[in-house]
């Protein structure tokens with residue numbers, strides 16, 4: 001690695017709930033720099049969640065992030081001319097960003113409805129331990145489990 005590592009920047013919390021993780025989620029959802037549009041989508045999804053669930057939407061969101069975040073993942077490592085998928089533990093910051101990315105991608109993959117509805121559905125399903133984002137997590141965990149024999153190659 002050349003040069004200095006870029007310093008970690010503080011993400012501004014979202015204006016409505018004043019939560020930094022929700023601000024990060026809005027930034028992940030944002031396309032073409034349209035932050036206000038991303039905020040409208042997230043807050044609309046939270047309104048749908050509030051109607052459907054008895055709990056506070058921020059609690060449902062945090063529960064979804066906890067459920068979807070993986071604890072291990074595989075990384076490719078080259079050893080002696082062959083490549084191995086080596087399972088490694090996931091750092092907390094990466095765990096959250098992967099969870100956010102998987103929830104957003106799962107919501108975007110659904111067709112036929114408004115993004116607010118798709119996002120609200122995916123967040124509630126993830127909080128219950130279901131949905132496409134949870135399927136992605138189980139696939140990653142299965143991959144790490146099947147390659148457990150190569151764990152001794154971990155850096």
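Some notes on this structure:
- Residue selected from the range 17-28 under the condition in contact (Cβ under 8 Å) with a residue 12 or more places away in the chain and assigned to a loop (DSSP other than H, G, I, E, B), by the criterion surrounded by the fewest Cβ atoms within 10 Å (Cβ to Cβ): 19
- Check on residue 40, closer than 18 Å to residue 116 by Cβ and surrounded by 15 or more Cβ atoms within 10 Å (Cβ to Cβ): no
- Lone unmet requirement of (1) surrounded by 15 or more Cβ atoms within 10 Å (Cβ to Cβ); (2) over 17 Å from residue 30 (Cα atoms); (3) out of contact with any strand residue (DSSP E or B) (no Cβ under 9 Å at 6 or more places or on another chain) for residue 141: (3)
- Any hit, the range 128-137, residues being closer than 21 Å to residue 51 by Cβ, in contact with a helix residue (DSSP H, G or I) (Cβ under 6 Å, 6 or more places away or on another chain) and surrounded by 15 or more Cβ atoms within 10 Å (Cβ to Cβ): yes
- Among the conditions (1) assigned to a helix (DSSP H, G or I); (2) free of Cβ contacts under 8 Å to residues at least 40 places away in the same chain; (3) surrounded by fewer than 19 Cβ atoms within 10 Å (Cβ to Cβ), the only one that residue 31 does not satisfy is (1).
- Count - residues of the range 48-59 that are exposed (fewer than 14 other Cβ atoms within 10 Å of the Cβ) and either under 16 Å from the mean Cα position of the chain (by Cα) or in contact (Cβ under 8 Å) with a residue 12 or more places away in the chain (or both): 2
- Taking the listed residues 90, 60, the one that is under 29 Å from residue 121 (Cβ atoms) and in contact with a strand residue (DSSP E or B) (Cβ under 7 Å, 6 or more places away or on another chain) is 90, with no other qualifying.
- Qualifying residue in the range 4-14 (condition: part of a helix (DSSP H, G or I) and within 29 Å of residue 141 (Cα to Cα)): no
Yes/no matrix, rows are residues, columns are (1) in contact (Cβ under 8 Å) with a residue 60 or more places away in the chain; (2) within 20 Å of residue 124 (Cα to Cα); (3) touching a strand residue (DSSP E or B) at 6+ places or on another chain (Cβ under 6 Å); (4) crowded, with 18+ Cβ neighbours inside 10 Å:
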residue	(1), (2), (3), (4)
15	no, no, no, no
71	yes, no, no, no
78	no, no, no, no
83	no, no, yes, no
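No value in this document is a laboratory result; all are computed from the given coordinates. Note that the structure is a prediction, hence the values are computed from the model and not measured. Glycine also receives a Cβ, built like all others from the backbone with ideal geometry; neighbour counts cover every protein chain displayed.
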